[in-house]
Structure formats: structure tokens, C-alpha cells
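There's a structure below that I have some questions on.
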Amino acid sequence: MSMSDSDTSSQGGSEYKTFRQISRDRLLYEMLRSAKTGDSKSSWKVLIMDKVTVKIMSYACKMADITDEGVSLVEDIHKRRQPLPAMDAIYFIQPTKEKYETFT
């Protein structure tokens, strides 16, 4: 079976997607693309992730996919970073009680 056969296949007229493809589509289009608004501070955004979500994003997307959606910088939430007030930020982090209490 070739790689293209395993990625998508047709059976009975319906198309099937792999878990990786579904994850990629949801991350890129539902999370990153939906963050594009007309009142953004900049056309570029910073994506802030933790260790778990970095693994998820790396599994599903290529860096080129992420930059195509307007993300110019990817940062680790646990590392010290400089403020970027001119850029919008997208936080993609694992939901935990500690993080929930931090953001509420």
C-alpha cells in the first residue's frame, strides 16, 4: 500500500482521513485560522505552547503549515520570553487545573 493510499482512501463514494489529517485540519483551520481577525495588531502572530502541545503540533503539522496561517514565532510557555505587545498571541496549552487558575 502506498503512502497516498494510506492517507486517504475511497470506499462507497466517501473519503476517509487519517487521524493525523483530521488533527492537522482542526489545528490549522479551527484554531490558527479562526484567530485571524480584522482588528489584529499585526498580520503575524506568536504561538505559545507547552511540552505536550508542542508534541501534538509537531505530529500533525509542519512549520510551513503554521507560518502559512500567520504564525511567525513559536514560544515555550515555561521559558522566559520578551513581551511582544505589537503581536497577537495564540495560547495552545494542555488544560490543567493549575493553568486554569492562572488564566482566570
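Please treat every number below as a calculation from the coordinates, not as lab data. Since this is a predicted model, take the numbers as computed values, not measurements. In this analysis, Cβ positions are derived from the backbone assuming ideal geometry, glycine residues included, and neighbour counts consider all displayed protein chains.
I need the calculated FRET efficiency for the pair I56 and E101, taking r as the beta carbon distance and R₀ as 35 Å, to the nearest 0.05. Working shown, then result.
On the way: r = 23 Å, r/R0 = 0.64.
Result of the calculation: an efficiency of 0.95.
In nm, to one decimal, how far is the T67 label point from the Y16 one, both placed 7 Å along Cα→Cβ?
Output for this residue pair reads 3.5 nm.
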